[in-house]
Amino acid sequence: MAVQITHLQEQVEALISQALQAIQRSQSTQDLQAIRVQYTGKKGALTQVSKQMKDLDPADKPQLGQLISQFHQAFNGAMESKQAELSQKELQDRLISEQVDVTLPGHQFPIGSRHIITQTREELEDLFLGMGYQIIEGPEVEVDLYNFEKMNLPKNHPARDMQDTFYISEEVLLRTHTSPVQARTMEQHDFDQQGPLKMVSPGKVFRRDDDDATHSHQFHQMEGLVVAEGITLADLKGTLSQFAKAFFGEEREIRLRPSFFPFTEPSVEVDVSCFKCGGKGCSVCKQTGWIEVLGAGVVHPNVLEMSGIDSSKYSGFAFGVGIDRVAMLKYNIDDIRHFYQNDLRFLKQFQGGQN
């Protein structure tokens with residue numbers, strides 16, 4: 001049964017009127033999207049009318065097609081106009097609701113800083129770089145040969161007991177000092193081509209030790225070494241005096257006391273005049289006026305020879321600074337464990353260092 005053209009024309013004209021009214025009443029772009037689906041979607045009202053075109057007389061089909069085209073022109077024009085209007089309104093509403101008061105204080109984000117141990121290490125490195133030393137690092141896992149034997153500590157030597165350490169195997173261990181770096185460097189150093197050897201070797205070291213206020217199984221050390229012709233104990237004293245004044249203050253003095261280390265001969269303990277009482281005697285220096293800071297000495301000839309250096313031609317001095325210890329002394333820290341407990345109340349006291 002053929003469909004009457006007049007009936008379809010009335011439907012399309014009614015849809016145009018309804019759609020335009022719906023567009024004008026819409027309050028948001030979401031409403032417009034719903035109207036578009038309602039009238040022109042796959043199941044929309046206009047789509048249902050268009051499907052009936054196949055049942056029209058061929059002569060009537062152009063009339064319906066023209067009317068449907070008029071619907072799309074009116075519908076799309078109204079949609080675009082209303083879309084622009086609503087989009088602008090929504091933008092203004094969003095700008096008002098989301099505006100930021102730029103006069104309010106900003107959020108404070110926590111800023112970290114270098115750990116006090118790192119700050120102290122870098123301060124020492126800068127000090128010795130300024131004195132012409134080079135900084136050389138080495139492995140923390142060492143072999144017995146470099147850690148002990150080349151330091152004049154043969155197997156079963158009683159002095160090894162002072163550096164009882166963590167063994168991985170019979171010949172592999174965690175280094176007990178940074179001296180192995182010196183041995184490795186001396187083996188490779190060419191005095192004819194490179195001249196005198198001046199080096200410091202900073203890093204972590206490990207020893208089996210009780211954890212208390214002044215001891216830790218892991219700590220940080222910086223050892224220094226100078227090897228050249230004619231080096232004497234006087235050169236060592238001059239170097240360490242300069243170190244003490246630069247690190248602890250220009251008023252500081254040092255004194256050397258006889259001691260024993262297997263890798264140096266003669267060996268000395270180095271004290272610095274108390275930076276709290278100025279040498280008068282107080283609780284910090286135990287009423288002596290002096291504070292022990294490091295060990296040092298003239299490099300033992302055996303150490304030089306085991307690294308392939310002619311001890312009849314060359315001599316040298318060496319010293320070892322506990323980075324943790326000098327940091328404790330300089331900043332009046334009473335417990336070495338503070339360095340490793342990650343207590344922000346402690347660490348924030350040293351945020352003056354470089355970030």
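Quick notes on this one:
- For residue 46, neighbours were defined as the other residues whose beta-carbon sits under 12 Å from its Cβ, and their charges (Lys and Arg +1, Asp and Glu -1) total +3.
- For region 17-91, the per residue solvent-accessible surface stands at 61 Å², with DNA, RNA and ligands left out and a 1.4 Å probe.
- Of the complete DSSP H runs in the chain, those spanning 15 angstrom or more by Cα along the long axis with a mean Kyte-Doolittle score not below -1.0 are 5-25, 29-40, 61-97, 116-129, 233-248.
- Highest GNM mean-square fluctuation among 222, 306, 79, for the chain modelled with Cα contacts below 10 Å: 79.
- Each of 234, 177, 27 was scored by the projection of its Cα onto the charge dipole of the chain, and the greatest displacement toward the positive side belongs to 27; charges sit on the C-beta of Lys, Arg, Asp and Glu.
- Heavy-atom surface analysis with a 1.4 Å probe gives region 1-130 a carbon and sulfur content of 53 percent of its accessible area.
- Relative contact order computed over region 282-355 (Cα-Cα under 8 Å; 6+ residues apart), in percent: 23 percent
- Sites residue 332 and residue 94 - FRET efficiency at Förster radius 56 Å, r taken between beta-carbons, to 0.05: 0.45
- Taking the chain and dividing mean pair separation by its residue count, relative contact order in percent (alpha carbons under 8 Å, at least six apart): 15 percent
- Exposed-loop-free span, longest in the chain, where GluC sites (Glu not before Pro) count as exposed if DSSP calls them loop and at most 11 other C-beta atoms lie within 10 Å: 252-355
- Within region 140-203, the trypsin sites (Lys or Arg not before Pro) that combine a DSSP coil assignment with at most 10 other C-beta atoms in a 10 angstrom radius are 155.
- Distance from the Cα centroid of region 223-262 to that of region 155-206 is 20 Å (rounded to whole angstrom).
- Once all protein chains are placed together, residue 288 keeps about 80 Å² accessible to a 1.4 angstrom probe.
- Over region 289-355, accessible surface divided per residue gives 49 Å², non-protein components excluded, 1.4 Å probe.
- Viscosity 1.002 mPa s, temperature 20 °C, Stokes-Einstein D of the chain from Kirkwood C-alpha radius, µm²/s: 78 µm²/s
- Interchain or long-range residues, amide H under 5 Å from residue 261's placed H: 267
- Förster radius 41 Å - calculated FRET efficiency between residue 126 and residue 302 (Cβ-Cβ, nearest 0.05): 0.80
- Using the 1.4 Å probe convention, the accessible area of region 173-272 works out to 43 Å² per residue with neighbouring protein chains retained.
- Lysines with Cα under 24 Å of residue 348, excluding same-chain neighbours fewer than 8 positions away: 204, 276, 330
The values are calculated or read from the model by the stated rules, or taken from the named source; none is laboratory data. Keep in mind that this is a model prediction, so the values were computed, not measured. All Cβ positions, glycine included, derive from the backbone under ideal geometry; neighbour counts span all protein chains shown. Calculation scope for accessible area: heavy atoms of the full protein, side chains included, ligands and nucleic acids excluded. Shrake-Rupley method; radii C 1.70, N 1.55, O 1.52, S 1.80 Å.
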